[in-house]
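This report refers to the structure that appears directly beneath it.
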Amino acid sequence: MFNLLKMHVGLVKYLIVEIPKRKTLKELIYFLRDVGKQYCKVNLKLYKDLFLVLDPEYKKQKKEFEKNNQAKQDVINALKLLKYSRDKMKAAGISRQRIRRFFLDLSRDEDALNKLVDDLMKEVQ
């Protein structure tokens, strides 16, 4: 609702500034026609969004979509942390076999994983 009010206030301000710039009646008519077309498009979009927000099925789908996006973002962040730790180990000169063994042991030991994540978070901050 606030967007609708904000749009109308903006439209009035725009018209107050732009109408005096039109020299002829023909220019004014074309200008008002174009503004009217754009106004209708924006109005339809706002009402469509309003009806979608009120639709319970849409709310349910949106919540599920956001949940999936959050899970995806969590996985991406975890992969970034693991890649960062691998790169730090490579820079320290640790062999590929030892890094691999480290990650295998890490997957089995939850305390080691928590310690690694805590150390990385401290280093990043």
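The values are calculated or read from the model by the stated rules, or taken from the named source; none is laboratory data. Computed from a predicted structure; not experimentally measured. Ideal geometry is used to build each Cβ from the backbone, glycine not excepted, and the neighbour counts take in all protein chains shown.
So is Val35 surrounded by 11 or more Cβ atoms within 10 Å (Cβ to Cβ), touching an Asp or Glu at 6+ places or on another chain (Cβ under 9 Å), of a type in the set (A, V, I, L, M) and assigned to a helix (DSSP H, G or I) or not?
yes
So that you can scan it fast, the table gives a plain yes or no per residue for (1) at pLDDT 85 or above; (2) acidic (Asp, Glu):
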{"residue": "Glu64", "(1), (2)": "yes, yes"}
{"residue": "Asn69", "(1), (2)": "yes, no"}
{"residue": "Lys72", "(1), (2)": "yes, no"}
{"residue": "Leu79", "(1), (2)": "no, no"}
{"residue": "Lys83", "(1), (2)": "yes, no"}
{"residue": "Asp87", "(1), (2)": "yes, yes"}
{"residue": "Ser95", "(1), (2)": "yes, no"}
{"residue": "Arg98", "(1), (2)": "yes, no"}
{"residue": "Phe102", "(1), (2)": "no, no"}
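The rows are residues; the columns are (1) outside the structural domain of Leu11 (by TED's automatic domain parsing); (2) small (Gly, Ala, Ser); (3) outside any helix (DSSP H, G or I).
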site: Leu44; (1), (2), (3): no, no, no
site: Gln70; (1), (2), (3): yes, no, no
site: Gln97; (1), (2), (3): yes, no, no
site: Arg100; (1), (2), (3): yes, no, no
site: Ala112; (1), (2), (3): yes, yes, no
site: Val117; (1), (2), (3): yes, no, no
site: Leu120; (1), (2), (3): yes, no, no
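Would you mind stating whether Phe65 is free of Cβ contacts under 8 Å to residues at least 12 places away in the same chain, assigned to a helix (DSSP H, G or I), out of contact with any Leu (no Cβ under 8 Å at 6 or more places or on another chain) and aromatic (Phe, Trp, Tyr)? Write out each step before concluding.
Working: free of Cβ contacts under 8 Å to residues at least 12 places away in the same chain: yes; assigned to a helix (DSSP H, G or I): yes; out of contact with any Leu (no Cβ under 8 Å at 6 or more places or on another chain): yes; aromatic (Phe, Trp, Tyr): yes.
The answer is yes for Phe65.
Just the residues that are in a helix (DSSP H, G or I) and among the charged types (D, E, K, R), please, taken from region 18-32.
From region 18-32, those in a helix (DSSP H, G or I) are 18-21, 25-32; that's our starting set.
Glu18, Lys21, Lys26, Glu27 - these are the residues of region 18-32 that are in a helix (DSSP H, G or I) and among the charged types (D, E, K, R).
Is it fair to say Leu15 is surrounded by 12 or more Cβ atoms within 10 Å (Cβ to Cβ) and in a helix (DSSP H, G or I)? Write out each step before concluding.
Details: surrounded by 12 or more Cβ atoms within 10 Å (Cβ to Cβ): yes; in a helix (DSSP H, G or I): yes.
So Leu15 passes the test.
If I filter region 41-53 for residues that are surrounded by 12 or more Cβ atoms within 10 Å (Cβ to Cβ) and β-branched (Val, Ile, Thr), do I get at least one hit?
Yes, some residue in region 41-53 is surrounded by 12 or more Cβ atoms within 10 Å (Cβ to Cβ) and β-branched (Val, Ile, Thr).
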